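Taking it in order: structure first as structure tokens, then the write-up.
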Amino acid sequence: MGLQFGCALAVGLVLTFAAWAQPVPRIRGRIIAFDGKLLILQPDGTKADADWVRVSVRPDTRYVSTGKYRLSDITPGDFAGTSVIPEPNGKLRAQEVHVYPEPLRGSGEGRFPEGPSGRLMINGTVAAQSDGTLALHYRGARLDNGVCEGRLPVPIKPDVCTGDATVTVAPGVPVTVLGLGDKSLVVPGMTTVVSIITAPDGSKTTPGLIVEKPPINP
């Protein structure tokens, strides 16, 4: 399925860029057409033309690509995120892992619920990676029973909490890397996850989108 903001981005990774203070609704689907200004998208699970979504890009729209990566490629100091399931014994089991490019360091930093799925998103700086585990250090919004929870406030407040999470990454768990690009990423037929802002008149624009690219490291 590639990166979904479940993973997001959500990745989802969640894709919430560092400058966004609030989560933005996202749509995943196939690119039908793009003329440099207007994107026509066929959302997943739809067939009729009437279901296509038309979204305008903005001068500040960010274009992000994804590619497959290896857990062993992740090194301390990288900024990464993971969608996890908390187990009854308190351990955190990864469902997917994503690595951000340096310009997106700080994106969605913190530990917070990923919708109604029961999963958590944890985004932070990699402290260590070895033997199928990933250790993340992150900043969040508040302490809850001794655990740092929530997204890092934007702008950053002086009383933010910090936390550490050790995540188990089993063999076969998807690991993806994000890369910044431009409009040339938006090609008909590719799959994309588009963040949507809807104006009062019903028109839609996007502050950022992710295009799922072929594997970087096959």
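The values are calculated or read from the model by the stated rules, or taken from the named source; none is laboratory data. Keep in mind the model is a prediction, meaning the values are calculated, not measured. All Cβ positions, even for glycine, are placed from backbone atoms using ideal geometry, and neighbour counts span all protein chains on display. Accessible surface is based on the protein model in full, side chains and every heavy atom, while ligands, DNA and RNA are left aside. Shrake-Rupley method; radii C 1.70, N 1.55, O 1.52, S 1.80 Å.
Is it fair to say Thr125 is part of a strand (DSSP E or B), within 15 Å of Val177 (Cα to Cα) and open to solvent by 20 Å² or more (accessible area, probe 1.4 Å)? Before you say what the answer is, go through the steps one by one.
Values: part of a strand (DSSP E or B): yes; within 15 Å of Val177 (Cα to Cα): yes; open to solvent by 20 Å² or more (accessible area, probe 1.4 Å): yes.
Judged against the criteria, Thr125 is a match.
Can you pull out the residues in segment 1-25 that are under 20 Å from Val84 (Cα atoms) and modelled with pLDDT of 50 or more? Hit for segment 1-25 is Pro23, nothing else. For Gly108, state whether it is open to solvent by less than 20 Å² (accessible area, probe 1.4 Å), at positive phi and outside any strand (DSSP E or B). When the stated conditions are applied, Gly108 passes them. Out of curiosity, is Glu102 touching a strand residue (DSSP E or B) at 6+ places or on another chain (Cβ under 7 Å) and open to solvent by 10 Å² or more (accessible area, probe 1.4 Å)? Here the answer is no, as Glu102 does not meet what is asked.
Do you know which of the residues in segment 130-145 that are part of a loop (DSSP other than H, G, I, E, B) and closer than 20 Å to Val99 by Cβ is least open to solvent (accessible area, probe 1.4 Å)? Only one residue tops the list, namely Gly132.
Condition (residue is within 16 Å of the chain's Cα centre (by Cα), basic (Lys, Arg) and surrounded by fewer than 18 Cβ atoms within 10 Å (Cβ to Cβ)) applied to segment 39-50: is it met by at least one residue?
Initial filter on segment 39-50 (within 16 Å of the chain's Cα centre (by Cα)): none.
There is no residue in segment 39-50 that is within 16 Å of the chain's Cα centre (by Cα), basic (Lys, Arg) and surrounded by fewer than 18 Cβ atoms within 10 Å (Cβ to Cβ).
The residues in segment 146-177 that are open to solvent by 70 Å² or more (accessible area, probe 1.4 Å) and among the acidic types (Asp, Glu) can be counted, and the count is 2. A single member of Ile85, Ile122 is touching a strand residue (DSSP E or B) at 6+ places or on another chain (Cβ under 6 Å) and closer than 15 Å to Val175 by Cβ, and it is Ile122.
Residues in segment 75-94 that are among the polar types (S, T, N, Q) and surrounded by 19 or more Cβ atoms within 10 Å (Cβ to Cβ) were compared, and the one that is farthest from Tyr138 (Cα to Cα) is Ser83. Has segment 155-166 got at least one residue that is in a strand (DSSP E or B), within 18 Å of Ala94 (Cα to Cα), hydrophobic (A, V, I, L, M, F, W, C) and in contact with a strand residue (DSSP E or B) (Cβ under 7 Å, 6 or more places away or on another chain)? Taking every residue of segment 155-166 in turn, at least one turns out to be in a strand (DSSP E or B), within 18 Å of Ala94 (Cα to Cα), hydrophobic (A, V, I, L, M, F, W, C) and in contact with a strand residue (DSSP E or B) (Cβ under 7 Å, 6 or more places away or on another chain). Counting the residues of segment 70-105 that are small (Gly, Ala, Ser), over 22 Å from Ile210 (Cα atoms) and assigned to a strand (DSSP E or B) gives 0. In segment 171-188, the residues that are closer than 27 Å to Gln129 by Cα and assigned to a loop (DSSP other than H, G, I, E, B) reach residues that are open to solvent by less than 80 Å² (accessible area, probe 1.4 Å) and not β-branched (Val, Ile, Thr) with C-beta atoms within less than 7 angstrom, at least six apart or across chains, in these pairs: Val173/Ala94; Val173/Gln95; Val173/Glu96; Pro174/Glu96.
When Arg30 is tested against the conditions (1) open to solvent by 70 Å² or more (accessible area, probe 1.4 Å); (2) assigned to a loop (DSSP other than H, G, I, E, B), the lone failure is (2). Within segment 131-169, the set of residues being at positive phi and touching a Ser or Thr at 6+ places or on another chain (Cβ under 9 Å) comprises just one member, Gly132.
Across segment 178-204, the number of residues qualifying as closer than 17 Å to Leu104 by Cα and open to solvent by 70 Å² or more (accessible area, probe 1.4 Å) comes to 2.
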